[in-house]
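Down below is the structure, laid out as structure tokens.
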Amino acid sequence: MFVESDEELRPETGLLASSTAMSRAQRAAPWLALALLVLMGGELVAVYAESWLGIRRYTDMTPQALLAIVAARDAAQLFLALFGVYAILRAPLSSLGLRQSKVCWVALGAAIGLTTALVFPRFVHELRLGTTYHFQYIFYVISHATGLTAAASLLVYLFLVPFLEEIVFRGIVLQGLLNITNDVGAVVASAAIFGAVHAAGGVGLMVPAFCGGLFYGWLYLRTRSIVPSSVAHVVYDTVAFYPLIAHTIGAHS
């Protein structure tokens, strides 16, 4: 009698599990759709900017052209992310982690950024992980910027880009993945996606991006704020790219 009752409940249990999985997917879909919109929308703007500036290959770029393309792309991505919160997610900005965080977590973020910036480049060097010509050429162009272009380039690359990436990959991608899997799975998956979008820079850029994504994701999980992870990201980029920054400032001071 009990066996028959158990067998009768099994189909219902299966339907319940299926319903739960579908519900999770429905909760995650808007977040991931927004992330795709932001990433593709920004790249589309970059393509149009390249066409408008008459750029056909990397060697056509000047510091001014590179800055215009990056700034246009990031501005489009930021606009789409903030607009998408209301149009797609229909949620407050705090849902993206745009909220204050305790000073101790901000300080920890800075410490993590500094530590990883000192360790990851060394790790890449020891393993002889190469970067692509595209990545190297961008560094070359930035290092030859002068005046306001140099200052604006550093501002965009060291502050705007990290902040925007934290909105997209922690505030949107990670938050969306948390709706369908556990904390560890969501952090690892979001870090893998973060590393994958850096593929244009080669393995030497993808590996640090993935490892950094793990730390940034952990900070987001503990605080539900992108402030600590943004600070860690900014500190990492500033320290890791210090030779380039010093060269740019020293060459034109």
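The values are calculated or read from the model by the stated rules, or taken from the named source; none is laboratory data. These numbers were taken from a predicted model, which means no experiment stands behind them. Every residue, glycine among them, receives a Cβ derived from its backbone with ideal geometry; neighbour counts consider all protein chains shown.
Specify the residue that is surrounded by the most Cβ atoms within 10 Å (Cβ to Cβ); the eligible residues are those in the range 202-228 that are among the small types (Gly, Ala, Ser) and touching a Gly at 6+ places or on another chain (Cβ under 6 Å).
My answer is 225.
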Q) Got a sec? Which of 214, 219, 177, 155 is free of Cβ contacts under 8 Å to residues at least 24 places away in the same chain and under 24 Å from residue 100 (Cα atoms)? A) 155
Q.
Pull out all pairs, ordered by first then second residue, where Cβ-Cβ is under 7 Å, the residues are six or more apart or on different chains, the first lies in the range 99-113 and is under 21 Å from residue 240 (Cα atoms), and the second is among the small types (Gly, Ala, Ser) and buried (at least 16 other Cβ atoms within 10 Å of the Cβ).
A. 109/229; 109/232; 110/232; 112/232; 113/232
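Looking at 191, 240, can you tell me which residue is at pLDDT below 95 and either among the small types (Gly, Ala, Ser) or crowded, with 22+ Cβ neighbours inside 10 Å (or both)? Quick ask: steps written out before the conclusion?
Details: 191 fails: at pLDDT below 95.
Only one candidate qualifies: 240.
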Q) Has the range 124-146 got any residue that is surrounded by 18 or more Cβ atoms within 10 Å (Cβ to Cβ), part of a helix (DSSP H, G or I) and in contact with a Lys or Arg (Cβ under 9 Å, 6 or more places away or on another chain)? A) no
Q) Would a scan of the range 174-187 turn up a residue that is part of a helix (DSSP H, G or I), under 13 Å from the mean Cα position of the chain (by Cα), closer than 30 Å to residue 21 by Cβ and not polar (S, T, N, Q)? A) yes
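If a residue has to be under 19 Å from residue 132 (Cβ atoms), free of Cβ contacts under 8 Å to residues at least 24 places away in the same chain and surrounded by 14 or more Cβ atoms within 10 Å (Cβ to Cβ) to count, how many in the range 46-64 make the cut?
So the answer is 2.
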